[in-house]
Amino acid sequence: MKTLFKNTLFVPLFLYMTTMMGCSGTSNEKMTHTDWCKKRYDVAEELFKSKKYGRTVEKLEEILSTCAGSGYMEQAQFLLAESYFNLEQWIEARGEYGSFIVNFPASPFAETAEFRKAVSSFNMDYKVDRDESNTTAALKDFERYLANHPSSPLRDSVNYYYDQLIDRVAEKEFQTGRLYLRMEKPQAAVIYFKEFLETYPKAKRRQEVLFLISDAYTDLDQFDPARQYLAIAQNEALEDAEIQKRVKKAETKIANAEEAYEKRLKQEAEKKRLQKEEKNLTN
């Protein structure tokens, strides 16, 4: 009876242990560290294709923290940057693209990463009356991209972004010059506007600045330079009816201001003459 009881216990116990050992051996054979990383990367990639970028980020960060040496770091790093890019989390995207470029400079994705890093910089928060560091960073990123890839087919896109960044910087100078004009400090406004025209010859505010600098010179009673800048505005927009109409209006303003100035000069001269005569009579 005891022998039968022992055998009855032993058989299921043996079967259980054999099954567990078999499963353990099979698991060890199939699930290597590389396999484990591949499985998780495949999941992350599917999530990315499904546009579930937030969940993709979670999976990829796990891979990057545990899969060093597995061969999946490069793909995971790039896909993480792409996920942040699609989430429009520009600071994080720029950081991840930057890390990718540093860690995998020979990657076939390195050029794309460098371009998208610059685009991420372009999209970071910007306000004309605040710090320009984001704009400066974006300008440098695009300049570096073109320096590293001078024959890039994306050159036109780079130029598009770069011109907009230049306009951002120019806008601050424009607003400063206009502020001086509103504060009735036309001489300071002229200085800012002339520097603007010299530094940013293609800025979108160029036409506006030409009219404003003409106004500033008119306020200073310097009518010749006022007309010169007005003539530049006219010549640069010969086919723009609205600009031509504005030029005519400005010409009338200058003519009226010059007439008033000459009248004032005559009045002052007459006043001085009378004062001189009174002084001579008194003596």
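The values are calculated or read from the model by the stated rules, or taken from the named source; none is laboratory data. Computed from a prediction, not measured in an experiment: that's the story for all the values here. Quick reminder, even Gly has a Cβ in these numbers, built from the backbone with ideal geometry, and neighbours come from all protein chains shown.
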Does region 167-177 contain at least one residue that is out of contact with any His (no Cβ under 6 Å at 6 or more places or on another chain), of a type in the set (A, V, I, L, M, F, W, C) and within 29 Å of PHE85 (Cα to Cα)?
yes
Examine region 222-233 for a residue that is touching a Pro at 6+ places or on another chain (Cβ under 8 Å), surrounded by 10 or more Cβ atoms within 10 Å (Cβ to Cβ) and of a type in the set (A, V, I, L, M, F, W, C), and state whether such a residue exists.
no
Taking VAL247, is it in a helix (DSSP H, G or I), β-branched (Val, Ile, Thr) and in contact with a Gly (Cβ under 8 Å, 6 or more places away or on another chain)?
no
Across region 234-244, what is the total count of residues that are surrounded by fewer than 16 Cβ atoms within 10 Å (Cβ to Cβ) and assigned to a helix (DSSP H, G or I)?
4
Whichever residue in region 252-283 is among the aliphatic types (A, V, I, L, M) and closer than 21 Å to ALA231 by Cα and, among such residues, is surrounded by the fewest Cβ atoms within 10 Å (Cβ to Cβ):
ALA255
Mind counting the residues in region 37-73 that are in a loop (DSSP other than H, G, I, E, B), at negative phi and at pLDDT 95 or above?
2
